[in-house]
Amino acid sequence: MDKLNILIVEDGRSQREMLKDFLAREGHRVTEAEEGNTAIRHVQSSYFDLLLLDFKMPGMNGIEVLDKIKKINPKINVIMMTAYGTIETAVDAMKLGAVDYITKPIDLDQLLTLVNRISERQTLIRENEILRQKVWKKGLAQEQIIYKDPGMETIVNMVGRVASSRATVLIMGESGTGKELFANLVHATSPRSGKPMIVVNCSALPETLLESELFGHEKGAFTGATARRIGRFEEADGGTLFLDEIGELSPPVQVKLLRFLQEREFQRLGGNQTIRSDVRIISATNRDLEEKVREGLFREDLYYRLNVVSITIPPLRDRRGDIPVLTEYFIKRFASENNKDIEGLSNEAMDILMKYDYPGNVRELENIIERAVVITRDRVISIRDLPFEDISSNHFADYHEVGALKDEIESLERRRIEQALEETGNNQTKAAELLGITERTLRYKLKKYNFK
């Protein structure tokens, strides 16, 4: 983890020095300020990763200091310290951009946990910036993932770490979440990027044709096989083979794929020549493969071969913070493609987009924005340009989960997960049951909040 530049703003000298000594022993670089104006001058003249900010101080209180400092450096992480810890104080701080709060007397173990999470996030941001630069240098800017959600930060970072390896990757998520885009990013930032990435949709072809598509066939292998055909495994030699909807593979094809993953060799249909191919396998599914294994519909040994590294893309409704940035991206793209001058959306239109649950995920949002750009007669997209007539349907969420209270809810959720793990001795299965969520959802939230 990165060591942080930390500014402690606390009027109590003994408390300030205690925190400074504690954090300095952890290797962080610490600066002190006893009141708000001094803190503001420090932020104006130096860079800080983290601000530990007391709420009650002479002169400006912590909320006023937070507001001014966020205008100077919007990216600075702020933890509010208060002995007057009400939920209203915490919500006010989080509205202005604080990442968390801690009550006095300060539990140093709790403080260290919060600081470590911020440090881990800073590391993720730095590594992801390196990944973005790598993508741009290769002329692959279109492969970038548009996101703001902290959980997506972790997923993109995983892509950067796994790209240089030979490991198979299993990408899971609902339809429309962008699984192929992540597969493209893994390939584009890997040493195999100079070779092709071949895409096969396993649900689009019947069993016999799919087997031929993957492994090829010899002349006369079956009715209609009038000539030899080279399969996708041979075409992708040296590159990547992306198997979309892997959960739809029939048992015979599963056997052949397992043999390839074990031996790195195969035979064409109707042939007896053993062919070797250096192919990296990335697969994707919108099915629960673990459930299919339990039902006997998917080979357990193949599942583990495919699932060396797993990446789960959350649905858009679980990362609503990404909706504004995706919307902005799609508006610019489709406005350019349609030669239209569009400034953005009305507040009412964005409000509706934020409430919608998107059963079709990012792909559905993309279609909604393309339609709106095409049909609007104005420079600002309004509600009448959106394809929603009934906002009382089940696909519209209660708005309390988005907007100004989002940070508060995430903080409370994080604390509840901590409690569940403590109560179950870090048993994720039992913790998920206690929380009333699935294990997969719990694993995503553990990644989102950088739990160790």
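The values are calculated or read from the model by the stated rules, or taken from the named source; none is laboratory data. This one's a predicted model, so the numbers in the text were calculated from it and none came from an experiment. Cβ placement follows ideal geometry from the backbone for every residue including glycine, while neighbour counts extend to all protein chains displayed.
Selection within segment 235-270: residues that are among the β-branched types (V, I, T) and part of a helix (DSSP H, G or I). The member of this set that is surrounded by the most Cβ atoms within 10 Å (Cβ to Cβ) is I246. Just the residues that are within 24 Å of F396 (Cβ to Cβ) and either in contact with a Cys (Cβ under 7 Å, 6 or more places away or on another chain) or surrounded by 18 or more Cβ atoms within 10 Å (Cβ to Cβ) (or both), please, taken from segment 322-349. Correct list: D322, I323, L326, T327, F330, I331, F334, L345, A349. G151 satisfies every condition listed in (1) farther than 30 Å from Q122 by Cβ; (2) not in a loop (DSSP other than H, G, I, E, B) except (1). For first residues located in segment 8-23 and in contact (Cβ under 8 Å) with a residue 12 or more places away in the chain and of a type outside the set (A, V, I, L, M, F, W, C), partners that are buried (at least 16 other Cβ atoms within 10 Å of the Cβ) and assigned to a helix (DSSP H, G or I) and lie 6+ apart or on another chain with Cβ distances below 8 Å form the pairs E10/R16; E10/L19.
Residues in segment 145-177 that are under 20 Å from L289 (Cβ atoms), crowded, with 19+ Cβ neighbours inside 10 Å and small (G, A, S): G173, G176.
Within segment 185-201, none of the residues are surrounded by 20 or more Cβ atoms within 10 Å (Cβ to Cβ), among the polar types (S, T, N, Q), under 30 Å from L326 (Cβ atoms) and in contact with a Pro (Cβ under 7 Å, 6 or more places away or on another chain).
The condition of being surrounded by 15 or more Cβ atoms within 10 Å (Cβ to Cβ), under 30 Å from N338 (Cα atoms) and at pLDDT 85 or above holds for only one of I381, I417, that being I381.
Filter segment 420-452 for residues that are in a helix (DSSP H, G or I), surrounded by 13 or more Cβ atoms within 10 Å (Cβ to Cβ) and not charged (D, E, K, R) and give the result.
Taking segment 420-452 as the starting set, the residues that turn out to be in a helix (DSSP H, G or I) are 420-423, 428-435, 439-448.
Pick out the ones that are also surrounded by 13 or more Cβ atoms within 10 Å (Cβ to Cβ) and you get 420-421, 428, 430-435, 439-448.
Residues satisfying the conditions are A420, L421, Q428, A431, A432, L434, L435, T441, L442, Y444, L446.
Counting only residues that are part of a helix (DSSP H, G or I), among the acidic types (D, E), under 16 Å from D351 (Cα atoms) and modelled with pLDDT under 80, segment 385-414 holds 1 of them. Here K3 meets the list (1) within 21 Å of T103 (Cβ to Cβ); (2) modelled with pLDDT under 90; (3) surrounded by fewer than 15 Cβ atoms within 10 Å (Cβ to Cβ) almost entirely, failing just condition (1).
Take I311 and tell me if it is more than 27 Å from N286 (Cβ to Cβ), in contact with a strand residue (DSSP E or B) (Cβ under 7 Å, 6 or more places away or on another chain) and buried (at least 17 other Cβ atoms within 10 Å of the Cβ). No: the conditions fail for I311. If you take the residues in segment 353-375 that are β-branched (V, I, T) and crowded, with 17+ Cβ neighbours inside 10 Å, which one is farthest from the chain's Cα centre (by Cα)? Ranking the candidates gives V373 first.
Quick check: anything in segment 107-130 in a loop (DSSP other than H, G, I, E, B), more than 23 Å from E328 (Cβ to Cβ) and at pLDDT 85 or above? Yes, segment 107-130 has at least one match.
Taking the residues in segment 347-375 that are polar (S, T, N, Q) and free of Cβ contacts under 8 Å to residues at least 40 places away in the same chain as candidates, determine which candidate is farthest from F388 (Cα to Cα). Spell out how you get there, then give the answer.
The initial filter retains those residues of segment 347-375 that are polar (S, T, N, Q), namely 347, 361, 367.
With free of Cβ contacts under 8 Å to residues at least 40 places away in the same chain added as a condition, the list becomes 347, 367.
Working: N347: 16, N367: 13 Å.
Here the answer is N347.
Within segment 283-308, restricting attention to residues that are of a type in the set (V, I, T) and surrounded by fewer than 17 Cβ atoms within 10 Å (Cβ to Cβ), the residue that is farthest from the chain's Cα centre (by Cα) is V293.
I'd like to know if segment 179-189 contains one or more residues that are assigned to a strand (DSSP E or B) and without any contact (Cβ under 8 Å) to a residue 60 or more places away in the chain.
As a first pass, look at segment 179-189 and keep what is assigned to a strand (DSSP E or B): none.
Checked against the condition, which is being assigned to a strand (DSSP E or B) and without any contact (Cβ under 8 Å) to a residue 60 or more places away in the chain, segment 179-189 yields no hits at all.
Evaluation of V135 against the conditions (1) modelled with pLDDT under 80; (2) in a loop (DSSP other than H, G, I, E, B); (3) in contact with a Leu (Cβ under 8 Å, 6 or more places away or on another chain) shows that the sole unmet condition is (2). Within segment 214-230, being closer than 19 Å to L241 by Cα and surrounded by fewer than 20 Cβ atoms within 10 Å (Cβ to Cβ) holds for R229, I230. Counting only helices (runs of 4 or more DSSP H) that fall entirely inside segment 1-98 and contain at least 2 residues that are acidic (D, E), the qualifying elements are 13-25, 62-72, 87-95.
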